[in-house]
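The values are calculated or read from the model by the stated rules, or taken from the named source; none is laboratory data. As the structure is a prediction and not an experimental result, all values here were calculated from the model. Here the Cβ positions follow ideal geometry from the backbone for every residue, glycine too, while neighbour counts run over all protein chains shown.
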Amino acid sequence: MRANFAKAAAAGDEAPLWFYAHLFLTHPETRQLFPVSMAHQRDRLFAALGEVVARVDDLDSLVPILQQLGRDHRKFGTVTEHYPAVGASLLATLEHFDEEWDEALAADWTAAYELVASVMVQAADEMSDQPPWWDAEVVAHERRTVDTAVLRLRSKVPLPYRPGESISLETELRPRLWRYYSPANAFRPDGELEIHARAQPGGPVSTALVRQVHVGDVLRLGPPVDHMRFDPDSDRDLLLVAGGTGLAPLKAIVDHVARNGAQRRVDLFVGVRLEEDLYDREDLTRLAQDNPWLTVTVAVSEDEHTQFAHGDVGEVVARSGPWGSREAYVAGPPAMVDDTVGRLRQQGLPEERIRTEVFAPSRPGPDVHGEVTT
Amino acid sequence: MSTTPEPAGFGGRRLSPADVRDVRFGRSSVFRPGYDDVEVDRFLERVGEELSRLHAEKAELRDRVHALQARLDDDGPRPEAPSAQAVGILAAAQQTADQYVAEAEAISRVMTAEAREHYEEQVREAREKVGAMIQAAHEAASRIAAAQGTAAVAAQSGTVDTRTEEELQEQVRYLQAFGQACRAQLRAYLEALLADVEREWGAASPQAVPVAPRPQAEPLRAGRASADPAPAAVTAAPDPAASGAAPDGEGSGAAEPRTVEAAAVLLSDESLRGQEAGRRQ
């Protein structure tokens with residue numbers, strides 16, 4: 001089986017291209033489950049298949065991956081009936097790219113695929129008490145800067161999540177492209193969510209969210225993914241360091257602390273390049289005024305005449321220390337996260353008390369490990 | 001799952017070939033012997049054979065029906081496997097579509113990045129110019145104040161002093177508002193550029209990109225202030241005056257000619273007024 005898969009994999013993009021063409025011709029109804037451009041999809045399909053083939057003898061590590069995949073596929077609209085269709089096209093593809101295809105190989109692949117499909121279907125079925133996705137209406141849309149918008153969404157059925165988690169979302173302006181965003185507030189029973197979106201150059205979803213989505217539009221939300229791993233039960237004082245829209249999950253943590261008796265001191269550092277990039281100034285001012293336990297510090301990196309602290313946010317955090325006793329959460333662009341974490345470590349903050357989430361330009365769905373691509 | 005009713009045999013059971021073979025007939029009486037045993041036996045043999053044949057045939061037909069039914073159920077409405085040509089055509093079409101999308105995204109990326117760079121450069125330049133103008137105004141103010149200070153040693157009037165200061169304050173406010181106006185215009189310009197970029201992108205809706213409201217400039221008194229000492233006031237930290245004390249037409253008319261001239265370098269005085277008027281609504 002491995003040798004056979006290697007042949008298809010060696011064909012590069014041809015094999016998944018052939019697979020999807022075959023699938024859409026035999027089952028045209030599956031086309032609508034995929035985005036307009038299939039380029040990224042093809043990469044992901046064979047990466048996932050390669051993972052399965054590599055672990056086919058190691059069920060203990062394979063099964064959790066498949067279960068996660070199965071659960072995650074619910075929001076794509078995948079239903080049990082789609083699995084045999086995919087299996088048939090997969091076999092046809094493997095056969096097409098292998099001249100030594102025989103009945104024995106066909107039987108092996110059929111059995112392997114049936115196992116994979118049954119694990120995925122079962123994991124998906126176990127989630128059937130949850131909707132596959134949540135419809136959320138845009139109730140407010142504010143352009144805060146040239147390329148940043150703050151959206152307020154309200155999901156009819158509340159989508160439960162914990163502070164610091166991200167949820168994937170899809171707009172019908174960019175069908176079947178799911179991107180991860182972190183709510184900037186703690187869970188509300190009325191299902192209201194605040195989303196911070198920054199238009200990435202060339203980014204289809206983020207530009208649509210910032211420039212084209214309007215009040216009244218309906219977005220789809222997927223189940224939450226916990227990348228930051230915020231510990232809501234700890235009573236340690238907090239150090240929160242945000243860069244760009246990395247502010248969102250940290251604002252949710254501040255909200256959580258405020259709603260739970262404000263038992264923890266919180267220092268929030270917000271890094272921006274220029275003062276006008278500080279898109280959430282009003283809320284930050286209000287939060288700092290209303291909450292004596294909260295200190296908000298703004299660091300502006302590229303304007304030495306700023307009224308705020310000047311410098312990279314990591315640098316400003318470091319010179320405001322020491323932070324050795326805190327629990328630190330850092331969210332923002334890769335370089336900013338690395339720099340801040342490095343400085344905190346230097347200050348003696350233990351590794352296990354620094355948690356991070358990297359906000360990179362394109363954030364497609366989780367890979368086969370369930371990781372959010374960063 | 002037979003649906004055809006079977007003829008009832010012994011006790012309602014289906015008549016099997018064995019039933020026919022094993023049947024035993026009693027004799028009715030001594031005086032009237034029954035059928036010829038040999039003939040009856042031969043006939044029964046034939047009945048048994050016929051039944052066997054029919055059963056076998058029926059089983060075979062039933063199997064065939066099941067097989068055909070199963071094929072219908074499994075394959076559903078699926079036609080035969082798509083031809084290699086069809087797969088090839090669809091694959092090529094998909095690839096072409098993917099390329100277009102990738103190109104559109106790349107163009108959008110480049111244009112947005114360039115537009116942003118352009119915007120930031122303009123804002124930086126404008127800010128530097130405004131800073132220089134305000135600096136010049138302050139210097140002029142202190143010169144005049146100094147000159148009048150010496151004059152005031154002899155004279156007794158303090159009113160000239162304050163009036164000049166008021167004028168200069170007004171001028172400073174004007175320049176600050178002018179700086180805001182510059183930024184608002186540049187912003188509108190950039191957004192127009194971005195709107196173009198959006199139109200390039202496949203599904204982009206062609207409607208005009210709305211101009212976001214300017215964030216209200218008020219100092220964020222958030223938290224521990226900068227570790228650096230507060231910078232000199234000359235850098236024109238956004239002031240609440242921006243919304244309240246924007247100069248009106250008279251104000252700009254009363255400004256020092258030198259400033260107006262400098263302002264004309266960036267924008268015409270007219271467009272500036274238009275901007276201010278728009279912002280007040």
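Here is a check on your reading of the model: is residue A:5 touching a residue at least 60 places away in the same chain (Cβ under 8 Å) and of a type in the set (Phe, Trp, Tyr)? Please lay out each step first, then the result.
Details: touching a residue at least 60 places away in the same chain (Cβ under 8 Å): yes; of a type in the set (Phe, Trp, Tyr): yes.
Here the answer is yes, as residue A:5 does meet what is asked.
When you go through (1) under 27 Å from residue B:91 (Cα atoms); (2) in a helix (DSSP H, G or I) one by one for residue A:80, which number turns out not to apply?
(2)
Does residue B:115 satisfy the condition of being of a type in the set (Gly, Ala, Ser), closer than 28 Å to residue A:34 by Cα and surrounded by 13 or more Cβ atoms within 10 Å (Cβ to Cβ)? Write out each step before concluding.
Values: of a type in the set (Gly, Ala, Ser): yes; closer than 28 Å to residue A:34 by Cα: no; surrounded by 13 or more Cβ atoms within 10 Å (Cβ to Cβ): yes.
For residue B:115, the condition - of a type in the set (Gly, Ala, Ser), closer than 28 Å to residue A:34 by Cα and surrounded by 13 or more Cβ atoms within 10 Å (Cβ to Cβ) - is not met.
Restricting to segment A:243-266, give me the number of residues that are within 25 Å of residue A:305 (Cα to Cα) and within 13 Å of another protein chain (Cβ to nearest Cβ). Let's see the steps before the verdict.
First pass over segment A:243-266, keeping only residues within 25 Å of residue A:305 (Cα to Cα): A:243-247.
Retained after the next criterion (residues that are within 13 Å of another protein chain (Cβ to nearest Cβ)): A:247.
Looking only at that region, the number is 1.
Matching residues to (1) at pLDDT 90 or above; (2) touching a Gly at 6+ places or on another chain (Cβ under 8 Å); (3) among the β-branched types (Val, Ile, Thr); (4) surrounded by fewer than 18 Cβ atoms within 10 Å (Cβ to Cβ):
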position	(1), (2), (3), (4)
A:13	no, no, no, yes
A:16	yes, no, no, no
A:24	yes, no, no, no
A:31	yes, no, no, yes
A:43	no, no, no, yes
A:74	yes, no, no, no
A:84	yes, no, no, yes
A:89	yes, no, no, no
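Please find, within segment A:45-63, the residue that is surrounded by the most Cβ atoms within 10 Å (Cβ to Cβ) out of those that are assigned to a helix (DSSP H, G or I) and charged (D, E, K, R). Please lay out each step first, then the result.
Going residue by residue through segment A:45-63, those that are assigned to a helix (DSSP H, G or I) are A:45-54, A:59-63.
Filter once more, keeping what is charged (D, E, K, R): A:51, A:60.
Numbers: A:51: 18, A:60: 7.
Checking each candidate, the answer is A:51.
Every residue in segment A:116-151 that is touching a helix residue (DSSP H, G or I) at 6+ places or on another chain (Cβ under 9 Å), of a type in the set (Asp, Glu) and farther than 21 Å from residue A:78 by Cβ, please.
Within segment A:116-151, just A:147 meets the criteria.
Only one of (1) within 13 Å of chain B (Cβ to nearest Cβ); (2) surrounded by fewer than 19 Cβ atoms within 10 Å (Cβ to Cβ); (3) outside any loop (DSSP other than H, G, I, E, B) is not met by residue A:269, so which one is it?
(2)
Output the residues belonging to segment A:115-154 that are buried (at least 19 other Cβ atoms within 10 Å of the Cβ), of a type in the set (A, V, I, L, M, F, W, C) and closer than 19 Å to residue A:172 by Cα.
A:133, A:134, A:136, A:138, A:149, A:150, A:151, A:153
If a residue must be in contact with a helix residue (DSSP H, G or I) (Cβ under 8 Å, 6 or more places away or on another chain) and either away from every other protein chain (no Cβ under 14 Å) or on the phi < 0 side of the Ramachandran plot (or both), how many such residues does segment A:176-190 contain?
Narrowing segment A:176-190 to residues in contact with a helix residue (DSSP H, G or I) (Cβ under 8 Å, 6 or more places away or on another chain): A:176-179, A:181-186.
If we keep only those that are either away from every other protein chain (no Cβ under 14 Å) or on the phi < 0 side of the Ramachandran plot (or both) too, we end up with A:177-179, A:181-186.
So the answer is 9.
Answer yes or no: is there a residue in segment A:201-213 that is within 14 Å of residue A:177 (Cβ to Cβ) and free of Cβ contacts under 8 Å to residues at least 24 places away in the same chain.
yes
Considering only segment B:162-174, state which residues are of a type outside the set (Val, Ile, Thr) and surrounded by fewer than 22 Cβ atoms within 10 Å (Cβ to Cβ).
B:163, B:165, B:166, B:167, B:168, B:169, B:170, B:173 - these are the residues of segment B:162-174 that are of a type outside the set (Val, Ile, Thr) and surrounded by fewer than 22 Cβ atoms within 10 Å (Cβ to Cβ).
Would you please name the residue that is surrounded by the most Cβ atoms within 10 Å (Cβ to Cβ), looking only at residues in segment A:280-310 that are in contact with a strand residue (DSSP E or B) (Cβ under 8 Å, 6 or more places away or on another chain) and of a type in the set (Asp, Glu)?
A:280
Would you check which residues across segment A:249-264 are out of contact with any strand residue (DSSP E or B) (no Cβ under 7 Å at 6 or more places or on another chain) and either among the hydroxyl-bearing types (Ser, Thr, Tyr) or outside any helix (DSSP H, G or I) (or both) and list them?
Taking segment A:249-264 first, the residues out of contact with any strand residue (DSSP E or B) (no Cβ under 7 Å at 6 or more places or on another chain) are A:251, A:255-256, A:258-263.
Matches in segment A:249-264: A:260, A:261, A:262, A:263.
Right, residue A:66: more than 24 Å from residue B:101 (Cα to Cα) and either under 24 Å from the mean Cα position of the chain (by Cα) or assigned to a helix (DSSP H, G or I) (or both) or not? Working first, answer last.
On the way: more than 24 Å from residue B:101 (Cα to Cα): yes; either under 24 Å from the mean Cα position of the chain (by Cα) or assigned to a helix (DSSP H, G or I) (or both): yes.
For residue A:66, the condition - more than 24 Å from residue B:101 (Cα to Cα) and either under 24 Å from the mean Cα position of the chain (by Cα) or assigned to a helix (DSSP H, G or I) (or both) - is met.
Could you tell me whether any residue of segment A:284-296 is closer than 22 Å to residue A:197 by Cβ, β-branched (Val, Ile, Thr) and either facing another protein chain (nearest Cβ under 9 Å) or in a strand (DSSP E or B) (or both)?
First, pick out the residues of segment A:284-296 that are closer than 22 Å to residue A:197 by Cβ: A:284-287, A:296.
With β-branched (Val, Ile, Thr) added as a condition, the list becomes A:285, A:296.
Still in the running and either facing another protein chain (nearest Cβ under 9 Å) or in a strand (DSSP E or B) (or both): A:285, A:296.
Yes.
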